[in-house]
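Visitor: I have a structure here, written as structure tokens, and I will follow up with some questions on it.
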Amino acid sequence: MDNNYFFNPIIKFRDNLNNGQIQYGIAVGFDDGLVSEAIADDVDFIWYDMEHVVMDQSSLNSHLLSCRSKQIFSIVRVGNYSPSGIKPVLDAGANGIIAAQINTFEEAVLFADNCRYPSQGRRGANPRVPSNYRSVDDSFFELANKNIFVAVMIETIGALNAIEDIVQINNLDSIVIGPYDLSGAIHKLGDVQHPIVEEAIKKIILTAKKHNKYVGIGMPINIEYAKRMIALGVDWVQIGGDHEYLIKQLEVVMKTLNK
């Protein structure tokens, strides 16, 4: 496996963002890697949720292998953004990583630094999948630092208040809006279209754009809301999850059959 095979999905994803192409993806929580293989041809990226879902390392390995075979960008959201939560994900071959529930600027800095190798960061060196399990030299670490996508969720009051500082972190590529949790943080849980929530989202987007950071969003299936967020400046959209599409399509079929 050459470097291009591993890094091409992130290069393509980033190039598309730079060219103004909105990138759409789906969240996956089911264990079976065949889920990724089945959906990869229809999306721009696959988002793996290891914050809300108990997915073991073996299952994640299987999903990421499917992504590599389909050359699709993979990104993993982690609830544990310490080195012990970061390294197994990146060394298994994820193209990108998202930290959930960031509360402070300092937490965001530590997370971003732990995702890149020295001298840009402090990531420990045992690359495994990204190096095809072979020995590496300085050129590999330079390539790996360049071709990773590091993002933090903005979904707490602490992160919202620190947004001006967070978007200036050098090792950070993107922020990701979590509208539902953000609405809860400002005491409007679930009312993601409340004026106060929308003002907070607009502030996040404008601040990120001012400092040339990509803006992502995680959300359930809601096409109109996705379009509204894109109009505000969101660059990449995780819309819905595997279980949600399964249930919603099942509901449509059953209602049609039972008419």
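Visitor: Against the globular-protein guess of 2.2 N^0.38 Å, express the Cα radius of gyration of region 1-150 as a ratio, rounded to two decimals. Display every interim value, and only then the final one.
Guide: Numbers: Rg = 14.5 Å, N = 150, 2.2 N^0.38 = 14.8 Å.
Compared with the compact-globule rule of thumb, region 1-150 sits at 0.98.
Visitor: Further question on the same structure: With the contact rule set at Cα under 8 Å and sequence spacing of 6 or more, what percent relative contact order holds for region 118-191? Mind showing how you got there, number by number?
Guide: Values: 60 pairs, mean separation 20.2, N = 74.
Relative contact order here is 27 percent.
Visitor: For region 38-82 and region 167-243, what is the separation of their Cα centres, given in Å?
Guide: 21 Å
Visitor: Could you run the Karplus curve 6.51 cos²θ - 1.76 cosθ + 1.60 with θ = phi - 60° over region 132-147 and give me ³J(HN,Hα) per residue in whole Hz, x for Gly and Pro?
Guide: Couplings: 6, 6, 9, 5, 10, 10, 4, 5, 5, 5, 5, 5, 5, 5, 6, 10 Hz.
Visitor: Starting with the highest mean, order 21-28, 236-243 by the number of other Cβ atoms within 10 Å, averaged over the residues of each peptide.
Guide: Details: 21-28: 19.8, 236-243: 21.4.
For the peptides 21-28, 236-243, the packing ranking is 236-243, 21-28.
Visitor: Hey, another quick one. Skip the ligands, DNA and RNA, and give the accessible area per residue of region 104-156 with a 1.4 Å probe, whole Å².
Guide: 49 Å²
Visitor: Starting from the amide H of Arg122, placed 1.01 Å from N in the peptide plane, find each other amide H under 5 Å away whose residue is 5 or more places distant or on another chain.
Guide: The list, which skips near neighbours in sequence, is Asn114, Cys115, Arg116.
Visitor: So what is the 222 nm mean residue ellipticity for the chain from helices alone, if each DSSP H run of at least 4 adds -39500 (n - 2.57) and you divide by all residues, rounding to the nearest 500 deg cm²/dmol?
Guide: Computed ellipticity for the chain at 222 nm equals -14000 deg cm²/dmol.
Visitor: Which value, in nm² and rounded to one decimal, describes the direction-averaged projected area of the C-alpha convex hull of region 83-163?
Guide: Computing the convex hull of the Cα atoms and averaging its projections yields 5.1 nm².
Visitor: State, as an integer percentage, the relative contact order of the chain based on alpha-carbon contacts under 8 Å between residues 6 or more apart. Intermediate values should be presented prior to the final figure.
Guide: Details: 463 pairs, mean separation 46.4, N = 259.
Relative CO of the chain lands at 18 percent.
Visitor: Something else about it: For the pairs Lys87/Lys146; Lys188/Lys213; Lys12/Lys248, flag any whose C-alpha to C-alpha distance is greater than 24 Å.
Guide: Violating the 24 Å Cα-Cα cut-off are Lys188/Lys213; Lys12/Lys248.
Visitor: Specify the residue with the greatest mean-square fluctuation among Ile169, Ile102, Ile148, computed from a Gaussian network of the chain linking alpha-carbon atoms under 10 Å apart.
Guide: Ile169
Visitor: In whole Hz and in residue order, list the ³J(HN,Hα) couplings for region 79-89 that follow from phi through the Karplus curve 6.51 cos²θ - 1.76 cosθ + 1.60, θ = phi - 60°; x for Gly and Pro.
Guide: x, 9, 9, 7, x, 5, x, 8, 4, x, 6
Visitor: Keeping every protein chain in place, order Thr256, Thr104, Thr207 by accessible area at 1.4 Å, biggest value first, i.e. largest first.
Guide: Thr256, Thr104, Thr207
Visitor: Please give the length that would be gained between Lys255 and Asn222 if that part of the chain were fully extended, namely 0.36 nm times their separation in residues minus their C-alpha to C-alpha distance (nm, one decimal).
Guide: 9.9 nm
Visitor: Can you tell me the dipole magnitude for region 42-84 around its Cα centre, using point charges on the Cβ only (Lys, Arg +1; Asp, Glu -1), in Debye to the nearest 20? Walk me through the numbers on the way to the answer.
Guide: Working: 3 positive and 5 negative charges, 32 e Å.
Dipole of region 42-84, to the nearest 20 debye: 160 debye.
Visitor: Express the relative contact order of region 75-202 as a whole percentage, based on alpha carbon pairs under 8 Å and six or more residues apart in sequence. Walk me through the numbers on the way to the answer.
Guide: Numbers: 207 pairs, mean separation 28.8, N = 128.
Contact order relative to length: 22 percent.
The values are calculated or read from the model by the stated rules, or taken from the named source; none is laboratory data. Because the structure is predicted, anything quoted here is derived from the model rather than measured. Here Cβ is always computed from backbone atoms with ideal geometry, including for glycine, and neighbour counts include all displayed protein chains. Heavy atoms of the whole protein, side chains included, go into the accessibility calculation; ligands, DNA and RNA do not. Shrake-Rupley method; radii C 1.70, N 1.55, O 1.52, S 1.80 Å.
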